[in-house]
Amino acid sequence: MNAIPPLVSPAVTPLSDAAFALTLALLLLCPLTIAGVALINTGLGRSRSAAQLLLGNVALIAVTAIVFLFAGASFAGTLGGGGIVLHAAGKSWSVLGLGPFLLRGLSTAAPQSQLALLFQFFAVAMAAIIPWGSGADRWRLAAGCSVAAVLAGIVFPLAAHWIWNGGWLAQLGLNFSLGAGFLDIGGAASIHTLGGLCALAVVWTIGPRRGKFPKEGLSTAMPGHNAVYVLFGCLLALAGWLAWNSAGALLWLHAPLTALPGTAIGTLLSASGALAATFSVTRFRFGKPDASLCANGWLAGLVASSACASIVSPTASLFIGSVAGLFTPLLVELFELALSVDDPSGAITVHGAAGLWGLVAAGIFSPAPGQLIAQLVGIATLLGVMLPFLYLLCALLNRTVPFRVDADGERIGMDLHELGGSAYPEFVIHRDESYR
Amino acid sequence: MKIAGLLVMPAGFFLTVAALVLFPDPGRRAAFVLCGLAVEIMGLIVAVRGHMPARGASRRQ
């Protein structure tokens with residue numbers, strides 16, 4: 001069933017020049033995913049906040065890159081160096097990296113470490129823009145940047161160290177004979193689930209948009225303003241995801257080059273299965289397929305593939321994507337209608353829930369004994385450590401940099417309030433019915 | 001409610017880690033890891049309910 005047998009030993013064969021060049025080329029395509037998700041975030045927000053949303057995505061990428069350079073890369077321990085290692089029950093638990101600051105020694109580091117570092121620069125940017133879409137239309141840019149800084153400075157580096165850079169989750173295979181340790185090849189855990197959980201913490205902290213949940217009656221529909229952005233974002237995201245999953249397979253699984261076509265096919269099939277499932281569910285429930293939910297389904301399939309496209313068969317990828325596409329519209333509806341969670345981009349479901357499902361599926365479909373338990377331990381870490389930690393950080397940050405724009409700013413839109421100009425200046429913005 | 005739920009979640013995580021250390025037997029280990037996850041999910045449910053805005057209150061009064 002496995003295209004690539006997972007490594008049990010951490011012994012790594014050096015990259016050939018061809019593999020180095022290919023991995024670098026693939027990594028340079030990864031920002032397409034970020035661009036796609038940024039477009040989706042923008043399209044799913046309202047027109048009065050479109051420029052602020054897209055500028056926010058760019059600003060968050062910049063903030064994460066700078067903070068990761070100054071602090072995050074060291075704590076992640078990507079370039080090696082020391083770290084904090086606890087010893088309990090006769091095992092070593094590496095909990096924090098303490099590598100060289102400011103990327104000292106980058107040029108002399110092993111080629112694989114250099115590529116891993118580049119991967120993590122893009123990964124932290126991606127993780128930071130995921131919650132940005134959830135706080136659309138009410139989250140101040142300065143507050144978004146502060147959350148991105150914290151994410152890049154401490155939260156993501158912790159996850160990256162534990163999962164990718166020889167931390168205690170990566171060592172579960174060696175220490176406790178749990179398969180190959182916690183597997184997160186394309187970033188389903190440390191990018192998408194982390195980003196989705198951060199989105200939940202932000203949405204809890206910031207509250208819903210004004211008028212979204214009236215005291216009585218159903219929630220107010222606030223559809224995205226540009227379905228073309230959203231759907232084009234899906235296409236861009238696919239291109240980036242194919243590269244991201246392939247690069248992850250080379251970096252974290254040390255897969256042979258011949259395994260890459262299978263990884264790419266698995267990624268495509270997962271997205272396709274998810275789209276077909278969401279299309280069918282929305283067609284059945286609403287009489288017509290819903291474009292934004294279909295986009296969410298497509299993205300959920302890609303997120304699920306991040307965990308497992310390179311270690312499961314194409315048929316399994318199709319199944320995993322289909323399940324993600326099946327629950328995505330239902331969960332989006334559950335969050336909005338039953339749980340009163342206002343998440344304009346659907347990131348909590350698309351990145352959080354689909355990422356968790358992908359991680360579980362990687363364990364279910366992996367033949368390595370104990371792999372499912374390793375995946376469950378990783379999931380327990382994300383839910384039990386990262387979510388409360390993110391919520392605490394958001395609550396503290398909200399006291400110093402208030403997250404939410406004032407009522408007037410929300411009424412006139414984030415573009416005029418924060419940027420002084422609209423994304424579509426020639427259009428007349430109609431009065432919002434929800435403020436009556 | 002909000003804080004209680006979020007405090008229960010790390011408790012589930014520690015249960016999961018304890019299962020790794022205390023139970024070499026795969027069956028028991030799996031059972032306790034699942035118990036830890038169940039505790040986390042209960043905490044998550046409590047936290048979600050704690051964050052739900054009060055809606056329809058005026059109608060019930």
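The values are calculated or read from the model by the stated rules, or taken from the named source; none is laboratory data. These numbers were taken from a predicted model, which means no experiment stands behind them. Every residue, glycine as well, gets a Cβ built from its backbone with ideal geometry; the counts of neighbours run over all protein chains shown. Protein only, heavy atoms only, side chains kept; ligands, DNA and RNA dropped before computing areas. Shrake-Rupley method; radii C 1.70, N 1.55, O 1.52, S 1.80 Å.
These residues, A:W241, A:W298, go from largest to smallest accessible area, 1.4 Å probe, as A:W298, A:W241. Heavy-atom accessible area buried between chains A and B is around 2500 Å² (1.4 Å probe, both sides summed).
What's the center-to-center distance, using Cα atoms, between the range A:218-237 and the range A:327-347 in Å? Their Cα centres are 14 Å away from one another. Counting protein heavy atoms only, the protein assembly as shown has 70 percent of its accessible area on carbon and sulfur, 1.4 angstrom probe. What's the FRET efficiency of A:F20 with B:A38 using the Cβ-Cβ distance as r and R₀ = 60 Å, to the nearest 0.05? With R0 = 60 Å, the Cβ-Cβ based efficiency is 0.85.
Please work out whether chain A counts as rounded, prolate or oblate from its C-alpha gyration tensor, where a ≥ b ≥ c are the square roots of the eigenvalues and a/c under 1.5 means rounded, while otherwise a/b larger than b/c means prolate and anything else oblate? Because a/c hits 1.5 or more and a/b exceeds b/c, chain A counts as prolate. Label separation (A:A407 vs A:R283): 4.6 nm, computed from points 7 Å beyond Cα along the C-beta direction. In straight-distance terms, cross-link reach from A:K215 covers every one of the lysines whose alpha-carbon lies under 27 Å from its own, apart from those fewer than eight places away in the same chain; here that gives B:K2. Candidates A:V58, A:F101, A:G81 compared by Cα position along the dipole of the protein assembly as shown: farthest toward the positive end lies A:V58, with charges placed on Cβ. Rounded to the nearest 500, the 222 nm mean residue ellipticity of chain A from helices alone is -18000 deg cm²/dmol, with -39,500 (n - 2.57) taken per DSSP H run of at least 4 residues.
The value of relative contact order for chain A, using C-alpha pairs under 8 Å at least six residues apart, is 24 percent.
Legend: mean number of C-beta atoms from other chains within 10 angstrom of residue C-beta atoms, peptide A:175-188, equals 1. Among the residues of the range A:203-237, those with an accessible-area drop of 30 Å² or more from chain alone to full protein complex, heavy atoms and 1.4 Å probe, are A:W204, A:K215, A:E216.
Contact order for the range A:283-355, expressed relative to its length and based on alpha carbon pairs under 8 Å spaced 6+ residues apart, stands at 41 percent. For the range A:380-410, a decrease in accessible area of 20 Å² or greater in the assembled protein chains relative to the isolated chain, with a 1.4 Å probe, applies to A:A380, A:L383, A:G384, A:V385, A:L387, A:P388, A:Y391.
Dipole magnitude for the protein assembly as shown: about 920 debye, using +1 per Lys or Arg Cβ and -1 per Asp or Glu Cβ, origin at the Cα centre. Amide H contacts of A:L98 (H built 1.01 Å from N, in plane; Pro and chain starts excluded): A:G82, A:G83, A:I84 sit under 5 Å, all sequence-distant by 5 or more or on other chains.
Averaged over the residues of peptide B:39-50, the number of Cβ atoms from other protein chains lying within 10 Å of each residue's Cβ is 3.
The residues of chain A have, on average, 36 Å² of accessible surface per residue, using a 1.4 Å probe with all protein chains present.
When only alpha carbons are used to place a centre, the range A:140-194 and the range A:357-413 end up 11 Å from one another.
Take every pair of alpha-carbon atoms less than 8 Å apart whose residues are at least six positions apart; their mean separation over the length of the range A:1-155 yields a relative contact order of 31 percent.
Using the Karplus relation 6.51 cos²θ - 1.76 cosθ + 1.60 with θ = phi - 60°, the per-residue 3J(HN,Hα) values for the range A:88-97 come to 8, 6, x, 10, 9, 10, 7, 10, 8, x Hz, with x marking Gly and Pro.
Taken about its Cα centre, chain B carries a charge dipole of about 460 debye when Lys and Arg each add +1 at the Cβ and Asp and Glu each add -1 at the Cβ.
Applying a length cut-off of 24 Å (Cα extent along the axis) and a mean Kyte-Doolittle floor of 1.0 to the DSSP H helices of chain A leaves A:50-67, A:111-134, A:227-252, A:291-308, A:314-333. Taking the longest Cα principal axis of chain B as reference, the axis of helix B:2-22 is set at about 10 degrees.
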